[in-house]
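Notes follow the structure.
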Amino acid sequence: MKSRLYKPFRIGSMQLRNRIVMAPLTTQYASEEGYVTGRSLNFYEARARGGAGLLIVEATIIHPGGQAFANQLSISGDEFISGLSDLVQVIHRHGARGAIQLHHGGRVAKRELTGMQPIAPSPLARGKSELPRELTVDEIGEIVADFARAALRAKEAGFDGVEIHGAHGYLVDQFLSPAANKRQDSYGGSQRNRARFLVEIIEAIRGELGRDYPVWYRMNAREYGVEGGTTLEEAQETARRAEEAGADAVHVSAYGPKTPTNLTSPAFVPAVIEDLAEGIKKTVSIPVIAVGRITPEAGERMLAEGKADLIAMGKALLADPELPNKVAAGKSRDVVPCIVCMGCRDDLYDPDVVGIRCQVNAAMGRGGENGIVAAEKPRRVLVIGGGPGGMEAARVAALRGHGVTLWEKEFKLGGQLIPAAIAPHKDRIGAFTAYLEAQLKKLGVRIELGKEATADAVEEFQPEAVVVAMGARPLVPQIPGLGKARAVQAVDVLEGRADVGSRVVVIGGELVGCETAEFLAEKGRKVTIMRRGSEIASKVGPSLRAFFLERLEAKGVTLLTGVKYEEASPAGLVITTAEGETKTFAASAIVLAAGTIADRRLYEEISGKLPEVYAVGDCVEPRKIRDAVAEGYSVGLKI
């Protein structure tokens, strides 16, 4: 029997080649003014070529006052139609359909981008955002007309349909949510009134484009962690009203600080909000698009169980745009797994980053997704180090036709990916390690484990190019008496090489220290994290930091900042607190997570002695998985 995922399907008059939908994801690849760029075209073309049936182009602003992100696509004027038409054409070129998501940020639009005070159904700010101005009834009518005009431009550009963004705390959702909408007129109060704005938008688009043009909306089927927020029952009522107004489908998502899709889990859980799609599916007769970390296997099951009609994938298609094609061809092991790090989401809130990045797909947004070009002349390449940077360099170099040998001093590949995958909530990293190892074997890379690299051994090998990816060495803080104390490195704790006893002090309050502390707390140890700095986990991305700190607190981990280390001994650690008080902490072990320093010794020894020598990953500078993978990818292309 043919997979349900790959059976054709219709949304209204739009025929799809399969039931896989690329969910809309803000990329920030547009120009500052909101125009389509070459980066935008490359990104969407790769995913159309990858086999998805429908691509929903990211949140695209329908009015300049609704801009919520820098470099956000715009459809707010006729001048944007030409570029958007180019975008549709690259999607159609590969047999996919293209829709565009119509968006207004409402109270989360940013004055620094729009030059205007944000607007909303009620004068209620979200978090630390600027206080919005309450919309008048006449202004509401103008915005309804803006949505309709934007839909008309979408059709003129060649899009096959439009999705109204009615989820995730933006303007339409602000009207729908009882927590954000406190109006007492015909647009507030009852569920019918709160849904009026959405209904009028659907009806206005129908008035402009007729009944045959596909129109649907994305909704929150529930708000998690929002006091007085949307419930599934209210969402079901909204879905019924939208269907009556002429919606051709409903795309079921969720929102709020406790939303499962925006958090990690102790072990990877696919389809984390499938119950919401099922709840809406029971309510309407129009197609339901399900989303939320859905794997192909989970999507197949949901279709079989009648919980949804189409399966949307977002971050999974960032990690691997070829996922649909690979799964269809029975090559699931070749799919690059999303590691659920939320780094792409964090990029949206980083003022120093323009354009989202992926930890495991260095090609994303760079044009390289359109294919790796074979080398003009195959070369003898030696990669030293089997961590993420070394394995990615070896993979790309081998794909280009080079003869690649990889040396790893340990007896397994992975490097820092190994302890990283052991830490709580990080099991998906193990899937990425397994993917890289499988690709190297498939490509014929010669892997030598337990092989210590020296300058003499490298010169004897006579490589034409060398990639040094030896990682970093642990940093040992200068604390009097530490040499006589029971001090162990965090990586040894995670990998089971060190027994720490029942009462542990962790020195270092960034990611590794906090993850090791959580790992030990889950095993019943009494753990205290200490650091000289003023904040714990300051370098953990905003998407997960609060959740991470909550977990540490819930597991009884003590957090101390601003400390001064006075003396260590076999009995424990003496510190001066931020308040100036001297305290002694009894400890069966002191776990060191004070950072690492680049191991450049071999690189410096062989540089200048061989034709080409490159350094990648932590041996350049200790950073994230993304940086190691990106450098390995770049060097693999360069050789």
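Key figures for this structure:
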item	result
More than 13 Å apart - percent of Cα-Cα pairs taken over region 402-448	59 percent
Unit charges on C-beta of K, R, D, E only; dipole of region 4-368, Debye	940 debye
Shape box of the chain [Cα atoms, principal axes, largest first, Å]	77, 66, 49
For the chain, with +1 on Lys and Arg beta carbons and -1 on Asp and Glu, the positive-most of L198, A546, L436 along the dipole	L436
Calculated on alpha-carbon atoms, Rg and Dmax of region 208-280 in Å	14.3, 48
Mean separation of Cα contacts under 8 Å (6+ apart) over length of region 482-594, as relative contact order %	37 percent
Pairwise FRET efficiency - I81 versus R211, Cβ, R0 = 30 Å, nearest 0.05	0.85
C-alpha center-to-center spacing [region 129-150, region 373-434] in angstrom	51 Å
Ellipticity estimate at 222 nm from DSSP helix runs (n ≥ 4, -39,500 (n - 2.57)) divided over the chain, nearest 500	-9500 deg cm²/dmol
Net charge dipole size for region 482-594 [Lys, Arg +1 and Asp, Glu -1 on Cβ; Debye, nearest 20]	160 debye
For region 14-68, radius of gyration divided by Kirkwood radius, i.e. Rg to Rh on alpha-carbons	1.02
L443 paired with V476, simple spin-label distance in nm, labels 7 Å along Cα-to-beta-carbon	3.7 nm
Unit charges on C-beta of K, R, D, E only; dipole of the chain, Debye	1300 debye
Positive-end extreme of charge dipole, the chain - chosen from M22, G367, N71 (charges on Cβ)	M22
Kyte-Doolittle mean at least -0.5 and Cα axial length at least 15 Å: DSSP H helices in the chain	81-92, 137-157, 196-209, 388-399, 428-442, 511-522, 625-638
Leading residue at positive end of dipole, the chain (Cβ point charges), from V284, A453, V36	A453
For region 586-627 and region 294-323, distance of Cα centres in Å	38 Å
DSSP-defined beta bridges in the chain - what % are antiparallel, rounded to 5	20 percent
Label-point separation in nm, E566 to V373, each point 7 Å along Cα→Cβ	6.5 nm
Share of Cα-Cα pairs in region 463-507 lying beyond 16 Å, as whole percent	55 percent
Convex hull (Cα only) mean projected area of region 323-367, reported in nm² to one decimal	3.8 nm²
Sequence-distant lysines (8 or more away, or on other chains) whose Cα lies within less than 23 Å of K331	K2, K7, K315, K441, K442
Cross-link reach list, aspartates and glutamates versus K258, counting only Cα pairs under 12 Å and skipping chain neighbours closer than eight places	E223, E227, E550
Which of F147, F80 has the fewest Cβ neighbours within 10 Å, and the rest in rising order	F80, F147
Convex hull (Cα only) mean projected area of region 199-349, reported in nm² to one decimal	10.8 nm²
Along each principal axis, Cα extent of region 308-383, largest first, Å	46, 39, 21
Principal axes of region 482-594: Cα extent on each, largest first, Å	40, 35, 21
Globularity index of region 50-135, i.e. its alpha-carbon radius of gyration over 2.2 N^0.38 Å	1.30
Residues C514, C358, sorted so that the one with the fewest Cβ neighbours within 10 Å comes first	C358, C514
Share antiparallel - DSSP beta bridges, region 4-368, percent rounded to 5	10 percent
Cα→Cβ-extended label distance, 7 Å offset, between Q15 and N325, nm	2.3 nm
Compactness index (Cα Rg / 2.2 N^0.38 Å), region 377-509	1.25
Translational D in µm²/s for region 430-506 (Stokes-Einstein at 25 °C, 0.890 mPa s, Kirkwood Rh from C-alpha pairs)	145 µm²/s
Förster radius 45 Å - calculated FRET efficiency between L131 and H92 (Cβ-Cβ, nearest 0.05)	0.55
Residue order, fewest to most surrounding Cβ atoms within 10 angstrom, among F585, F43	F585, F43
Potential lengthening between R623 and R301 on full extension [0.36 nm per residue; Cα-Cα distance subtracted]	112.1 nm
Normalised per residue, the volume of the convex hull around the Cα set of region 4-368 (Å³)	123 Å³
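Rule-based calculations on the coordinates, nothing more; no lab input. It should be emphasised that the depicted structure is a prediction, and the values quoted were computed from it without experimental measurement. Note: ideal-geometry Cβ built from the backbone for every residue, glycine included; neighbour counts use all protein chains shown.
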